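The values are calculated or read from the model by the stated rules, or taken from the named source; none is laboratory data. Treat the numbers as computed from the prediction; the structure is a model and nothing was measured. We place every Cβ from the backbone using ideal geometry, glycine too, and count neighbours over all the protein chains shown. For accessibility, only protein heavy atoms count, side chains too; no ligands or nucleic acids. Shrake-Rupley method; radii C 1.70, N 1.55, O 1.52, S 1.80 Å.
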Amino acid sequence: MKAVIFDMDGVLVDSEPVYMNYFYEPFVRHNQDVSLQDIYSVIGTTMEDTWRILGEAWKPLKSLEEIQELYTHDVDEAFVDYDDLKMPHIKHLMQQLQKNNIKMGVASASPKETIKRVLSECQLESYISFYVSGEEVKASKPAPDVYLEAMRALDVKPENTIVIEDSTLGIKAGKSAGATVIAMKDNRFGMDQSKADHFVNDHMESYHLIKRL
């Protein structure tokens, strides 16, 4: 193996519970008949798709502009402390990969500014050679584009690449790109992780699994 490409949310940082609460709060405040579980469908999508899904869940339906305006005034994402949400052992894993000359990248559906912020706040930027947002490619996950772009930038082939993912969409994207996919186990959001090649509970397990691979 020559490269490991990480998804971000749910892999580098345990941010999904915070995001789900962020997206759900306005529905509660405005007495919308929507459950927290209904919000889980946004996991792994780009922000544009997230706004579309949330707008369609609102009654009466809200346009993209209307739903964005609502969240601009109702909730502030800046409160998120990404370093506090950093996954255990992720820095150890990256240190060991770097020592063994394994290239590292990040391929996320999140906006590029958010990826940059997460890497900076979690002090992981020195390990990452390249990062790409689903908003920068033709089609985001479950299409393979974001992983193929990361492989191109890292100059590695799919058969020499490991992808670490958590979401259904992300696992499909990694498999479609031809990489070996490791899934971070997560039973909280009803995600189908069955298509992954391997499964781990944390990044210490990721480290030992990658050593074997």
Rg and Dmax of region 111-153, Cα atoms only, in Å: 11.0, 30
Per residue, in Å², the accessible surface of region 127-213 once ligands and nucleic acids are set aside, probe 1.4 Å: 46
Any idea which of VAL118, GLN32, VAL146 is furthest toward the positive side of the dipole for region 1-155, if Lys and Arg beta-carbons carry +1 and Asp and Glu beta-carbons -1? VAL146
Report, to the nearest 10°, how far helix 112-121 tilts away from the longest principal axis of the Cα atoms in the chain, using its own Cα long axis and a range of 0 to 90°. 70
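If a/c stays under 1.5 just call it rounded; otherwise compare a/b with b/c (prolate if a/b is bigger, oblate if not). Do that for region 169-211, with a ≥ b ≥ c from the square roots of the Cα gyration tensor eigenvalues. Don't skip to the answer; put the middle values down first.
Working: a/c = 2.76, a/b = 1.12, b/c = 2.47.
Because a/c hits 1.5 or more and a/b fails to exceed b/c, region 169-211 counts as oblate.
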Fluctuation leader among GLY170, GLY190, GLY134 - the chain, Gaussian network, Cα springs under 10 angstrom: GLY190
Springs between alpha-carbon pairs under 10 angstrom, Gaussian network model over the chain: which of VAL163, VAL137, VAL106 fluctuates most? VAL137
Span from the region 157-208 Cα centroid across to the region 40-61 one, whole angstrom: 24
Computed over the chain: longest principal axis from alpha-carbon atoms vs helix 16-29 long axis, angle to nearest 10 degrees, is 0
In terms of solvent-accessible area of protein heavy atoms at a 1.4 angstrom probe, what is the ranking of TYR82, TYR40, highest value first? TYR40, TYR82
With every protein chain in place, what's the accessible area of THR46 (1.4 Å probe, Å², nearest 10)? 10
For region 90-147, which trypsin sites (Lys or Arg not before Pro) are in a loop by DSSP, counting at most 11 other Cβ atoms within 10 Å? LYS138
How big is the chain on each of its three principal axes, counting only the C-alpha atoms and giving the largest first in Å? 53, 31, 28
On a 1.4 Å probe surface of the protein chains, which of PHE189, PHE6, PHE130 comes out largest in accessible area, and what is the full order? PHE130, PHE189, PHE6
Among ILE164, ILE90, ILE67, which one shows the highest mean-square fluctuation when the chain is modelled as a Gaussian network with alpha-carbon springs under 10 Å? ILE67
How big is region 56-169 by Rg and Dmax over its Cα atoms, in Å? 16.8, 55
Per-residue SASA entry for GLU125, accessible area with 1.4 Å probe, Å² rounded to 10: 90
For region 93-213, which whole percent of the accessible surface, found with a 1.4 angstrom probe, sits on carbon and sulfur atoms? 45
Got a sec to turn the phi values of region 179-193 into Karplus ³J(HN,Hα) couplings, 6.51 cos²θ - 1.76 cosθ + 1.60 with θ = phi - 60°, whole Hz, x for Gly and Pro? 8, 7, 10, 9, 9, 6, 4, 7, 9, 7, 10, x, 7, 8, 9
About its Cα centre, the chain carries a charge dipole, from +1 on Lys and Arg Cβ atoms and -1 on Asp and Glu Cβ atoms, whose size in debye to the nearest 20 is 1100
